[in-house]
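The values are calculated or read from the model by the stated rules, or taken from the named source; none is laboratory data. Bear in mind the structure is a predicted one, so any value in this text is a computation, not a measurement. Cβ placement follows ideal geometry from the backbone for every residue including glycine, while neighbour counts extend to all protein chains displayed.
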Amino acid sequence: MKESEIKKKYETKIQELKTHNKFYFEDSSPKISDKEYDNLKKEIIKLEKKYSYLKSSSSPSTSLGYSPSKNFIKSKHRVKMLSLSNAFDIEDLKNFEKRIFNYLNKKIEVEYSVEPKIDGISASLTYKNGYLVLGTSRGDGTTGEIITENLKTIKDIPQKISNKDFPNNIDIRGEVFIKKNDFDSLKNNFANPRNAASGSLRQKNPEETRKIPLNFIAYTYGYFESNKIKKQSEFLNSLKKWGFKTNQYNKVLKTINDLDYFHKKFEKDRFNLEYDIDGLVYKINSLELQKRLGFTSNSPRWAIAHKFSADSAFSQIRDINIQVGRTGALTPVARIKPVNIGGVIVANATLHNEDEITRKDIRIGDTVKIERAGDVIPHVILVDIKKRDKKSKKFVFPNKCPSCGSETIKEFNRVTKKFDAVRRCVNEGYECEKIAIEKIKHFISKDAMNIDGLGKKVVEKFWDLNLIRFPQDIYNLDYKKISNLEGWGNLSVSNLKYSIDQSKKISFDRFLYAIGIRHIGIENAKLLAEYTKSIKNFMNFVNKNKLNDFLNIDGIGDTQINSLKKFFNNKLNYKVIETLSEILNITDLKLNKSGKLLNYTFMFTGKLSNMSRAEAKSLIEQNSGTVISSVNKKLKYLIIGDKPTNRKVQQAKELGIKILSQDEWLKFLD
Ligand code: IVH
């Protein structure tokens, strides 16, 4: 059979599987027997094994094997479900602790709650007056899917708690997982226990979930009304008292060396556990300190996941492709002979950048060692030179953009005084096809416009079909045409239309992030939005060439300003924003009106005691105040610490700005 015929045969089977998945998982009314269904899945997997070029996101061999039901109702978490940043070695741990000390502006003795990191799926359980009233998946961290009935089938999850100490209103959070033995005896096609747990948990019919031996271990809380508990370890003990399972290996340790020692030991012992763990989680034990430290945009400052070393395998590089990212970065990717690494089939590995290829002298045809750790992208760690073909040639990195043919450059970094390792396409926008596609993918992503009916694959497909070229085209789609495309039915088209319509109302900060300006991530977009309040006002700064004013904003510097200038110098970028502001309802930034520092601006000079600038800033912002970075008319209070800059104090006096000592300020703040 020719490749095209094989592909066609494969596509047909995938399509068939999708149809039956819908009958089975969404309608809960299968039209074929379990055996026939299993055979269909097996045939698909057999084809994939034989022809490695076959790939589909709906294949039973990838992640879930079926798209989870769209029928779950969503629910916003009362407290966000964040993820953890990772540490891979003792250096990372030392830096983690250093960041904490910096934030607190002093060294203290800390105690860590150490907990095995089970590789499962997190879930949140809301209990009111002792009754389990709501159970949700993590979802995107802000909003989860309501899977209460499925969670209720798990024997480790209590549905009623009579213990009189149990809080009246609390979210208990933990991990749903499947034991290794149970996974082995399950006849399924999931790649690993984690995928099996995730798949089972999101069945439409809870009776299907009940058939899978799922477990639950509790480890933290979300919303917690009148929390009197002082330590994480104490909270873990309470969980046990209330009737939850907790990890028997949880413990409290004090120093980084102790953590590292325990990690080394546990890394060896972990294979004897009944379930997969991919590292240890360390949390600052004092809950008061946790509260002080708070969060960055997506992870707590007070906790870190110390991963176990990665699984690895050898394979051969078949080709090296250059991918062009949203910001023009050229990333080389090795296409390797597919290889199983720790239960996941890996066919691509990142080579990071041009310098990395040169340093390791990586060539097409080389046999290389590939490493994969949890959710981190697989990468090449070494080349087996002995196996290298004598005729092999050095890889020549292209000096033109493979997508649009433009010049590429390595930027000079003024801080490190070195040229970047990354080569970039000089295009700043939609002139380069690959950049344009990536920009649109970014535009629809969760933290941006959050159009969930429109995934990355769909964007690519719509691009190929000439349905979209710019973000605004999303709001002008030809739904009739789409409903005639293969794989699209009335239901999926109406879901798509719904999520696109929903996205039309968007807050200004998210919009600013969504348009994808380099160096303007979520945090910076918020800073800019807080400063300018509305899109209209923001565009005034752009139009009047007043972007330098943004240097006033604490956190915005030359890098961001230059990037903004470059972005708006491009006519197409400008036009995209103009058009989108007509289509969308971009809402002004809603301020937390309740804070007592609303409309107050502060600036610091000199060293504060017992507190870092970062913490001081966060305190002001929690109370709706603003911190700026230069003395001008807009400043209300200058807070002076030890050894302030005289010039700033002088300027403040001249402008009649009030000057506060740190103590006066803290009193003011109460
Ligand atoms: S604490 C903000 N504790 O790891 C605190 N998470 O990357 C985050 N996990 O989504 C959660 N064991 O699925 C916490 N003892 C533990 C954990 C744990 C596993 C998972 C959880 C979470 C992910 C964070």
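Remarks
- Annotation note: of Leu214, Leu280, Leu273, the sole residue that is surrounded by fewer than 19 Cβ atoms within 10 Å (Cβ to Cβ) and within 16 Å of the ligand (Cβ to nearest atom) is Leu273.
- Residue among Lys596, Lys633 that is free of Cβ contacts under 8 Å to residues at least 24 places away in the same chain and loosely packed, with under 12 Cβ neighbours inside 10 Å: Lys633
- Close Cβ contacts (under 6 Å, 6 or more residues apart or on different chains) running from residues in the stretch 278-305 that are farther than 11 Å from Leu84 by Cα and among the small types (Gly, Ala, Ser) to residues that are within 11 Å of the ligand (Cβ to nearest atom) and in a strand (DSSP E or B) comprise Gly279/Lys117; Gly279/Ala305; Gly279/Lys307.
- Among residues of the stretch 502-524 that are under 15 Å from Asn585 (Cβ atoms), those with a Cβ under 6 angstrom from a residue that is of a type in the set (Lys, Arg), sequence gap 6+ or separate chain, pair up as Asp509/Lys526.
- The set of residues in the stretch 389-428 that are in a loop (DSSP other than H, G, I, E, B), in contact with a helix residue (DSSP H, G or I) (Cβ under 9 Å, 6 or more places away or on another chain) and of a type in the set (Gly, Ala, Ser) contains only Ser403.
- Every residue from the stretch 297-316 that is within 11 Å of the ligand (Cβ to nearest atom) and assigned to a loop (DSSP other than H, G, I, E, B): Asn298, Ser299, Arg301, Trp302
- Within the stretch 639-654, the residues that satisfy the criterion of being surrounded by fewer than 13 Cβ atoms within 10 Å (Cβ to Cβ) and either outside any helix (DSSP H, G or I) or touching a residue at least 24 places away in the same chain (Cβ under 8 Å) (or both) are Asp642, Lys643, Thr645.
- Exclusive hit being farther than 27 Å from Ile520 by Cα and of a type in the set (A, V, I, L, M), set Ile409, Ile336: Ile336
- For the stretch 1-43, the candidate set comprises residues that are exposed (fewer than 11 other Cβ atoms within 10 Å of the Cβ), of a type in the set (Gly, Ala, Ser) and at pLDDT below 80; within that set, the residue that is farthest from Ser200 (Cα to Cα) is Ser33.
- Residues located in the stretch 75-104, provided they are within 16 Å of the ligand (Cβ to nearest atom), within 28 Å of Ile146 (Cα to Cα) and under 18 Å from the mean Cα position of the chain (by Cα): His77, Val79, Lys80, Met81, Leu82, Ser83, Leu84, Ser85
- Cβ-Cβ under 6 Å pairs, at least 6 apart or on other chains, the stretch 427-449 side under 18 Å from Ala525 (Cα atoms), far side of a type in the set (D, E, K, R) and not in a helix (DSSP H, G or I): Lys439/Arg326; His442/Arg326; Lys446/Asp140
- Residues satisfying the stated conditions in the stretch 530-546, i.e. closer than 17 Å to Lys634 by Cα and in a helix (DSSP H, G or I): Glu530, Tyr531, Thr532, Asn537, Phe541
- Within the stretch 501-550, considering residues that are of a type in the set (S, T, N, Q) and crowded, with 18+ Cβ neighbours inside 10 Å, the one farthest from the chain's Cα centre (by Cα): Thr532
- Across the stretch 438-476, the qualifying residues are those that are of a type in the set (A, V, I, L, M) and closer than 20 Å to Ser56 by Cα, and the one among them that is farthest from the chain's Cα centre (by Cα) is Leu465.
- Check on Leu564, without any contact (Cβ under 8 Å) to a residue 24 or more places away in the chain, hydrophobic (A, V, I, L, M, F, W, C), over 20 Å from Ile506 (Cα atoms) and crowded, with 16+ Cβ neighbours inside 10 Å: no
- Failed condition for Val110, given (1) crowded, with 20+ Cβ neighbours inside 10 Å; (2) more than 16 Å from the ligand (Cβ to nearest atom); (3) among the β-branched types (Val, Ile, Thr): (1)
- Counted residues, the stretch 130-189 - those being within 16 Å of the ligand (Cβ to nearest atom), hydroxyl-bearing (Ser, Thr, Tyr) and surrounded by fewer than 17 Cβ atoms within 10 Å (Cβ to Cβ): 1
- Glu91 vs. criteria of a type outside the set (Lys, Arg), at pLDDT below 90 and assigned to a helix (DSSP H, G or I): no
- Qualifying residue in the stretch 584-593 (condition: at pLDDT 95 or above, more than 25 Å from the chain's Cα centre (by Cα) and surrounded by fewer than 17 Cβ atoms within 10 Å (Cβ to Cβ)): yes
- Residue list for the stretch 222-237, restricted to those being out of contact with any His (no Cβ under 7 Å at 6 or more places or on another chain) and within 10 Å of the ligand (Cβ to nearest atom): Gln232, Leu236
- Ser52 being surrounded by fewer than 17 Cβ atoms within 10 Å (Cβ to Cβ), modelled with pLDDT of 80 or more, among the small types (Gly, Ala, Ser) and part of a loop (DSSP other than H, G, I, E, B): no
- Out of Asn562, Asn543, Asn548, sole residue that is closer than 25 Å to Gln472 by Cβ and not acidic (Asp, Glu): Asn543
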